[in-house]
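Comments concern the structure below.
The values are calculated or read from the model by the stated rules, or taken from the named source; none is laboratory data. Bear in mind the structure is a predicted one, so any value in this text is a computation, not a measurement. Cβ placement follows ideal geometry from the backbone for every residue including glycine, while neighbour counts extend to all protein chains displayed.
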Amino acid sequence: MSRLILLLGISLLFVSFIDPPCSIMKKGKFKYLDHNDKTAFFEVNGNKEVEYYQNKKYYVKSDIKWLSDCVYELSLTAATLPKLQFRPGDKLKVEILSIRNDTITYKASSQFKAWMGKLKVMK
């Protein structure tokens, strides 16, 4: 019995090294918790991200390049969001700082500024 428990513990530890917590950001739907637009969210699928604003009236599309397990770079490809300070080709670096339950804390930085924010994993 104790060998079975030991094997289960080792298996769980092994699986956690294979699939780091930040991998949750590689596919799914995420809501901005601290954005002025309470309808703002984004979807990630592989190396593509699309942000939606004002109930999907506007979008921002980006390519994703993962730099490490918990750090990625967005490269803007297209946008319809008015007064957006970013242009196609601009880059944004995002670092995932923590994941607790379904809440993700991140730090983002661009050539213009840096900020922190929170996301909620949408089911």
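Restricting attention to the stretch 92-107, does a residue exist that is surrounded by 12 or more Cβ atoms within 10 Å (Cβ to Cβ), over 14 Å from the mean Cα position of the chain (by Cα) and either under 19 Å from Lys26 (Cβ atoms) or of a type in the set (A, V, I, L, M) (or both)? Scanning the stretch 92-107, I find no residue that is surrounded by 12 or more Cβ atoms within 10 Å (Cβ to Cβ), over 14 Å from the mean Cα position of the chain (by Cα) and either under 19 Å from Lys26 (Cβ atoms) or of a type in the set (A, V, I, L, M) (or both), so the answer is no. Contact map, the stretch 73-102: first residue touching a residue at least 40 places away in the same chain (Cβ under 8 Å), second residue surrounded by 16 or more Cβ atoms within 10 Å (Cβ to Cβ) and of a type in the set (Phe, Trp, Tyr), Cβ cut-off under 9 Å, separation 6 or more or different chains; pairs are Ile96/Tyr72; Ile96/Tyr106.
Applying a threshold of 9 Å to beta carbon distances and a minimum spacing of six or more residues, or different chains, the list of pairs starting in the stretch 26-43 at a residue that is of a type in the set (Gly, Ala, Ser) and ending at one that is surrounded by 13 or more Cβ atoms within 10 Å (Cβ to Cβ) and not in a loop (DSSP other than H, G, I, E, B) reads Gly28/Glu43; Gly28/Val44; Gly28/Val121; Ala40/Lys31; Ala40/Tyr32; Ala40/Glu51; Ala40/Tyr52; Ala40/Tyr53.
Suppose we filter the stretch 84-98 for residues that are among the small types (Gly, Ala, Ser) and part of a loop (DSSP other than H, G, I, E, B); how many remain?
The total comes to 1.
The strands (runs of 3 or more DSSP E) located wholly in the stretch 17-83 that include 2 or more residues which are closer than 16 Å to Glu95 by Cβ and either of a type in the set (Lys, Arg) or at pLDDT 95 or above (or both) occupy 58-68, 71-79.
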